[in-house]
Amino acid sequence: MDLQTFMTAMNAARPPDGLTVYLQALWYAGKGDWDHAHELVQDLPDRDAAHIHAYLHRVEGDQWNADYWYRRAGEKSPAVGLETEWQQLVSSMLVAGKK
């Protein structure tokens, strides 16, 4: 799957079958379902989940909590808009084989 295919899948009522939990979380985040996206990644122990978790708290407007999760992910809070960060995360998860 590439970014364009993922973006097209955003028009569906449900995420496509076969997505990893990371891409499922990003799909729900892209649809504005913060709670479902957060539920999917909040207890995962790896850096990718922490990065998505950080993004979600940034969306929520809780920058302090977002900064904590960016540190856990080994990342800095980005200087880009939320939509750009979302696209970067999706692309990263697709390239990393997190599909």
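The values are calculated or read from the model by the stated rules, or taken from the named source; none is laboratory data. Since the structure is predicted, the reported quantities are computational estimates derived from the model, not experimental observations. Using ideal geometry, Cβ is built from the backbone for each residue, glycine included, and neighbour counts are taken over all protein chains shown.
When the residues of region 8-29 are narrowed to those that are touching a residue at least 60 places away in the same chain (Cβ under 8 Å) and part of a helix (DSSP H, G or I), which ends up farthest from V90 (Cα to Cα)?
Here is the first cut: in region 8-29, the residues touching a residue at least 60 places away in the same chain (Cβ under 8 Å) are 18-20, 22-23, 26.
Subset that is part of a helix (DSSP H, G or I): 22-23, 26.
Details: Y22: 9, L23: 7, L26: 7 Å.
Step by step, filter region 8-29, then rank; the result is Y22.
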Note to self: Suppose we filter A37, A25, A9, A29 for residues that are among the small types (G, A, S), buried (at least 16 other Cβ atoms within 10 Å of the Cβ) and at pLDDT below 95; which single one remains?
What the structure shows: A9
Notebook entry, point to check: Can you tell me how many residues in region 70-99 are touching a residue at least 24 places away in the same chain (Cβ under 8 Å) and either farther than 23 Å from K31 by Cβ or acidic (D, E) (or both)?
Noted result: 4
Check: So which residues in region 49-70 are closer than 19 Å to D33 by Cα and among the hydrophobic types (A, V, I, L, M, F, W, C), if there are any at all?
Finding: A49, A50, I52, A54, L56, V59, A66
Item checked: Residue within region 55-69 that is closer than 14 Å to T20 by Cβ, crowded, with 19+ Cβ neighbours inside 10 Å and either in contact (Cβ under 8 Å) with a residue 40 or more places away in the chain or among the aromatic types (F, W, Y) (or both) present -> no
